[in-house]
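To start, the structure under review is shown below, and the notes come after it.
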Amino acid sequence: MLTINVAVLLAVIIVLRLRRRTQARSRNDEKLTVLIVLVFGILVAPTAFGQGVLDAVGELAAGITASSR
C-alpha cells in the first residue's frame, strides 16, 4: 500500500515543476503536471491531513456561500 511518503515526493515534484516559467512548458508538460497533481490528491485524500484540508475547504466554501446571500 502507498504511504504519505510517496505523496511527499509528489508534492516536491509538483513544486519543482510549477517553479518553471509558463512559457517554457509544452502542452504535454502541462498534462503531465495535471496528472501528477491528480495522483497526489488521490494519495492524500484518505489521510488525516487530507480530511483536515477537506474540512477546512468545506468550511471556507460554506462561509463564502453564507456571506453572498
inquiry  = Can you name every one of the helices (runs of 4 or more DSSP H) wholly within the chain that holds 2 or more residues which are open to solvent by less than 50 Å² (accessible area, probe 1.4 Å) and among the β-branched types (Val, Ile, Thr)?
reply    = 27-44
message = Checking Val37 against (1) at pLDDT 85 or above; (2) over 23 Å from Asn5 (Cβ atoms): exactly one of these is not met. Which one?
response = (2)
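The values are calculated or read from the model by the stated rules, or taken from the named source; none is laboratory data. Please read these numbers as outputs of a predicted model, since none were measured by experiment. Counting neighbours? That spans all protein chains shown, and the Cβs are built from the backbone with ideal geometry, glycine included. We work out accessible area using only protein heavy atoms, side chains counted, and drop any ligands, DNA or RNA first. Shrake-Rupley method; radii C 1.70, N 1.55, O 1.52, S 1.80 Å.
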